[in-house]
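The values are calculated or read from the model by the stated rules, or taken from the named source; none is laboratory data. This one's a predicted model, so the numbers in the text were calculated from it and none came from an experiment. Note that each Cβ is placed from the backbone with ideal geometry, even for glycine, and that neighbours are counted across all protein chains shown.
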Amino acid sequence: MKHIVIIGNGISGVTLARFIRKKSEAKISIISSEANYFFSRTALMYVFMGHMKFEHTQPYENDFWEKNNIDLIHKTVTQVFPKEKSIVIEGNTVMKFDKLVIATGSKSNKFGWPGQDLKGVTGLYHKQDLENLEQWASTTQRAVIVGGGLIGIELAEMLRARNIEVTFLVREKSFWDGVLPFGESQMINRHILEHHIDLRLETSLKEIISDENGNAKAIITDKDETIECQIVGLTAGVSPNVDFLKESGIELGRGVKVNRFLETNHKDIYAIGDCAEQNEAIGERRAIEAVWYTGRMMGETLAQTLTGTPTEYKPGHWFNSAKFLDIEYQTYGWVWAKPKENETQFYWEHKDGKKAIRIAFDKTTRQFIGLNTFGIRMRHAFFDKVLSESKTVDYVIDHLAEANFDPEFYNSYKKEIQKEFTNQCVGLKTESI
Amino acid sequence: MSKSVKNISVASHENSTLDGLQKTGIAIGLLGLFIMALALLNVEFPNKEIWLTISIVSIFSGIILYANRTYLNSPEGIKNNHVWTSNLTHKGTIAWMVGLILTSFYVVLYWFPQYLGLNENGGTNTGIVGFFDPLSLILNGKPASQWFVYGTLYTIAILGLGYKFILKYRHNKYQLVRTISVMFFQLGFAFLIPEILEKLNPEKAYFAKDLKNMWPLNYYFFDEWHLKNMLDGGNLGLFMLIFGVALIFIISPILTYFYGKRWYCSWVCGCGGLAETAGDSFRHLSDNSVKAWKIERWMIHLVLVFSFVSTIAVIFTFLSNNPGMSFITKDQFVWGIVIFLGIFTSALYFFKRKEMDIDAVYTMLTLVAIMVLALLMNYFSGNQNIFFMDSYKMREWYGFAIGAAFSGVIGVGFYPIMGNRVWCRFGCPMAAVLGLQQRLFSKFRITTNGGQCISCGNCSTYCEMGIDVRAYAQKGENIVRSSCVGCGICAAVCPRGVLKLENDTPAGRINANEILLGNDVDLMDLINQK
């Protein structure tokens, strides 16, 4: 019987195992040093805030794995020998495999800041990060978070839930402005302040200072301001967790290099999820996508390959979502922070400053390119179809009611949006409509 | 205040404390309850009217002050902070104390009302029942009974804590409308209207005047005394009888077809109303393990069968004992039931068997066969005791075990320990009937938003009915479950906007295929070929 070994029990590795099991009786082992059972790491913040207990983040009951004959090994993999088709697990146990899948995810970026390894300094990615935060939180008056992105704002929300003062250092001119266009980014800036988070734009970290016990006690910004704090959150992005493969002969870039079949330079060794780096980027996508949904898709795709149906990784239309404190965000298709040459963007913002949509479309053909939506839920199926069928922006504007996914009785902003669209974009109409 | 580390377990919350205004709110509310507690302990108040008013007003003001301070202080949005660490909402000492007090109160209420001060021999009430006499006299013209006290407290709880619920979910219009609806039905239909109707018909014997409380939840609807009192109750009684029957067989199936059982369970029903308002703080305690689900399916259907059987029995007895009062004879009744069961189950079997689990089909067919057989044997043997049992003994046991012990003592008393929908999940025969209708003939479902689920688990954690919503959402499957009461909290707590309660065409409502959008279309086809 084939032995498929998966390193990492995150969404990619676990999805892979589940889909293999649907089609095959192969022996499956999942190795992870992080946690006994699969959990949703995107939900760690809710555990800290007391919305859920840790076990609630585990989507499957503990006997699921035994029932499905999936072996879980709670250990660290130290080495991989591709030629011998074996791996070494801590304590020098050697394990043979027929197929190996690397799904080790990410680790938080550290850019060599002085003091970045002190006690009280952490990222927010692993279960261990949460345990550390928990230990430090009760003696913390102020925390400083470095890095203005999705994880940073989640960490800020978590700490505010425990009445800890938070200073949020964002290097850019506005929150997440590399991804969000100006309007949305400004809206989130305001919302951050509304939650009593001390947002410092265009400010970065220079140094973390230690007390006599090796704990962080303050930071110094690039403006030479010293801020006393007991926790420093480093949330300036993540990078692939592949250090243990450096000696293995598996080709690495920033992550594990894979082809479109998610295969590495060694036959029978694959990589999926956050740690996989595409040899050639797919469409407008980045070579490494540390996103929940792409991890899951890669798991499904590779499961087909490993059960006898070689399948290329061909993700469909881009989508993503997040929640900035109380404002939900969804995106479908591509909306760039700065519109590309051929693009025009339509933007509508509600007067309460908490709802907005932006639609990117082609200037000449008026083809719909993408949508950002804030505070209004939109239907994934609708936009997937619109993108597949290359519909125009006018079609989308006409069918906003169909696209809406808000609960019943919610106000519809359809008329308001349509009116604004006519104001902003009707002058742009071309013959192609 | 010491900041030393006392608890380093994942999720300790030493930094969360109440501020002065919140404490004041709690104090004022408790003061109101304290006055009632004194009355309970038989303290004789002079000017009961004034003290009763003070007590009720201070309970409301306390709740309003506390809720305003807690929720209006921060931006709108889901704030379940510290729910799993607070002593009250995570089965701590306070939760056990509240559970114990509530349970004891129910035990006394149902079985020892004399300890509440009820004078059953027509003399003057004392204790807390006496304390409520002034209000009862105003509303229904009679001194209070223990049920009047209970009804008033129940209404206060739904109104007060409904206000708190509204503030907590003020960004969510569905929750707002739904809560105003349960508050309205409790105050008007369950409390004021029945009391006032009682006052207008002082000479008539008692029958239930709560228009929305239908059989089988109202298990005594077809009892001999109740039928008699309705038949003797003039136009109002006849209206209640006809409306009650129409509600069961016509109005409720139609509404459930269009909106799912939520129109009743989380928009109208009093039990649901209390669960959604007073019970909201405990909704996450509902067990959502597979084991709990198995127990739930057995229990709720057994209760349904039991309630059905005992109802047939009491109607049969009524018809035997009162041939002059009824529209139909007992012969017609027996044959009517046999034909009804026959047609109903055959139709169900022919049109819907594919949508039911095979064990459910067998259980249903066996049960119906047994019932029909028993009815016919009874009929031909001329036995007066239908199903060979004394119908009143059976009804008595039903009333004791299900109507009192389950719905009251466990159903509400155990809120802080087992969650707020224990009764609805495991014991309510009405929920079972509506659930079957919802599962098999309804336009209602919860749809999932393509591939946006991150499996975080908020939906499953906050589902008061213990449904593992996430299991469906992460597969992209619609949620069609007979137990879902459509409270909409799963959609509210979802941080990615994945869930939506919808009424749409019945076609395509049950999609067993996994459709996670975002993936390549060919791959989805491949995955769906199971």
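Details
- Among the residues making up segment A:317-369, those that are at the interface with another protein chain (Cβ under 10 Å from one of its Cβ atoms) and part of a strand (DSSP E or B) are A:PHE319, A:ASN320, A:SER321, A:ALA322, A:LYS323, A:ILE327, A:GLU328, A:TYR329, A:GLN330, A:TYR332.
- When we screen A:ILE250, A:ILE282 for residues that are assigned to a loop (DSSP other than H, G, I, E, B), surrounded by fewer than 23 Cβ atoms within 10 Å (Cβ to Cβ) and modelled with pLDDT of 95 or more, the only hit is A:ILE250.
A quick yes/no check of all residues on (1) at pLDDT below 95; (2) over 21 Å from the mean Cα position of the chain (by Cα); (3) among the basic types (Lys, Arg):
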site	(1), (2), (3)
B:LEU217	yes, no, no
B:THR256	no, no, no
B:VAL268	no, no, no
B:ARG283	no, no, yes
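- The criterion of at least 1 residues that are surrounded by 19 or more Cβ atoms within 10 Å (Cβ to Cβ), within 14 Å of another protein chain (Cβ to nearest Cβ) and at negative phi is met by the following helices (runs of 4 or more DSSP H) wholly inside segment B:139-227: B:146-168, B:173-184.
- Positions within segment B:55-79 being of a type in the set (Phe, Trp, Tyr) and either free of Cβ contacts under 8 Å to residues at least 12 places away in the same chain or within 14 Å of chain A (Cβ to nearest Cβ) (or both), in sequence order: B:TYR71
- Selection count where residues are assigned to a loop (DSSP other than H, G, I, E, B), more than 7 Å from every other protein chain (Cβ to nearest Cβ) and touching a residue at least 60 places away in the same chain (Cβ under 8 Å), scope segment A:35-53: 2
- A:THR305 within 11 Å of chain B (Cβ to nearest Cβ) and surrounded by fewer than 21 Cβ atoms within 10 Å (Cβ to Cβ): yes
- Taking each residue of segment A:194-215 that is within 21 Å of A:PHE111 (Cβ to Cβ) and looking for partners that are in a strand (DSSP E or B) and of a type in the set (Gly, Ala, Ser) with beta-carbon atoms closer than 7 Å, six or more apart or interchain, yields A:ILE208/A:ALA216; A:ILE209/A:ALA218; A:SER210/A:ALA216.
- Selection from segment A:367-414 of residues that are closer than 22 Å to A:GLU184 by Cβ, basic (Lys, Arg) and surrounded by fewer than 20 Cβ atoms within 10 Å (Cβ to Cβ): A:LYS414
- Restricting attention to segment A:219-235, the residues being of a type outside the set (Asp, Glu), surrounded by fewer than 23 Cβ atoms within 10 Å (Cβ to Cβ) and either touching a Lys or Arg at 6+ places or on another chain (Cβ under 8 Å) or not in a loop (DSSP other than H, G, I, E, B) (or both) number 5.
- Some residue of segment A:306-316 being out of contact with any Pro (no Cβ under 9 Å at 6 or more places or on another chain) and either among the aromatic types (Phe, Trp, Tyr) or not in a loop (DSSP other than H, G, I, E, B) (or both): yes
- Hey, B:LEU341 over 23 Å from B:LEU238 (Cα atoms), of a type in the set (A, V, I, L, M, F, W, C) and in contact with a helix residue (DSSP H, G or I) (Cβ under 7 Å, 6 or more places away or on another chain) or not: yes
- Any hit, segment B:80-96, residues being under 30 Å from B:GLU44 (Cβ atoms), away from chain A (no Cβ under 14 Å), at pLDDT 90 or above and surrounded by fewer than 16 Cβ atoms within 10 Å (Cβ to Cβ): no
- The single residue among B:SER442, B:SER482 that is touching a Gly at 6+ places or on another chain (Cβ under 9 Å), more than 7 Å from chain A (Cβ to nearest Cβ) and more than 26 Å from A:HIS380 (Cα to Cα) turns out to be B:SER482.
- Among the candidates B:MET356, B:MET325, residue that is buried (at least 16 other Cβ atoms within 10 Å of the Cβ) and at pLDDT below 80: B:MET356
- Of all residues in segment B:500-513 being more than 9 Å from chain A (Cβ to nearest Cβ) and touching a residue at least 12 places away in the same chain (Cβ under 8 Å), the one that is nearest to B:ARG262 (Cα to Cα): B:ASP504
One line per residue, one yes/no per condition, for (1) touching a His at 6+ places or on another chain (Cβ under 7 Å); (2) touching a residue at least 24 places away in the same chain (Cβ under 8 Å); (3) farther than 19 Å from A:ALA290 by Cα:
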site	(1), (2), (3)
A:ILE6	no, yes, no
A:LEU16	no, yes, no
A:GLN58	no, no, yes
A:TRP65	no, yes, yes
A:GLU84	no, no, yes
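- In a residue-by-residue description of segment B:84-105, the property of being farther than 30 Å from B:TYR169 by Cα and aliphatic (A, V, I, L, M) applies to no position.
- Residue match in segment B:456-469 (condition: surrounded by 24 or more Cβ atoms within 10 Å (Cβ to Cβ), free of Cβ contacts under 8 Å to residues at least 60 places away in the same chain, assigned to a loop (DSSP other than H, G, I, E, B) and at the interface with chain A (Cβ under 9 Å from one of its Cβ atoms)): yes
Rundown of residues vs (1) more than 29 Å from A:TRP176 (Cα to Cα); (2) of a type in the set (A, V, I, L, M); (3) surrounded by 21 or more Cβ atoms within 10 Å (Cβ to Cβ); (4) at the interface with another protein chain (Cβ under 10 Å from one of its Cβ atoms), yes/no style:
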position: A:LYS267; (1), (2), (3), (4): yes, no, no, no
position: A:ALA276; (1), (2), (3), (4): no, yes, yes, no
position: A:TRP292; (1), (2), (3), (4): no, no, yes, yes
position: A:THR309; (1), (2), (3), (4): yes, no, no, yes
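- Residue tally, condition in a helix (DSSP H, G or I) and touching a Leu at 6+ places or on another chain (Cβ under 8 Å), over segment B:248-265: 6
- Yes/no for A:ALA290 being touching a strand residue (DSSP E or B) at 6+ places or on another chain (Cβ under 6 Å), outside any strand (DSSP E or B) and modelled with pLDDT under 95: yes
Quick grid of which residues meet (1) among the aliphatic types (A, V, I, L, M); (2) within 14 Å of chain A (Cβ to nearest Cβ):
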| site | (1), (2) |
| --- | --- |
| B:LYS294 | no, yes |
| B:VAL305 | yes, no |
| B:VAL309 | yes, no |
| B:LEU319 | yes, no |
| B:MET325 | yes, no |
| B:ILE328 | yes, no |
| B:PHE333 | no, no |
| B:LEU341 | yes, no |
| B:THR345 | no, no |
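- Here the condition is being part of a helix (DSSP H, G or I) and among the β-branched types (Val, Ile, Thr); of B:VAL245, B:VAL268, it holds for B:VAL245 alone.
- Here A:GLN230 meets each of (1) away from chain B (no Cβ under 14 Å); (2) polar (S, T, N, Q); (3) within 28 Å of A:ASP117 (Cβ to Cβ) with one exception, condition (1).
- Restricting A:GLY123, A:GLY105, A:GLY91, A:GLY112 to those that are surrounded by fewer than 16 Cβ atoms within 10 Å (Cβ to Cβ), among the small types (Gly, Ala, Ser) and under 30 Å from A:SER29 (Cβ atoms) reduces the list to A:GLY91.
- Qualifying residue in segment A:411-430 (condition: of a type in the set (A, V, I, L, M) and within 28 Å of B:ASN519 (Cβ to Cβ)): no
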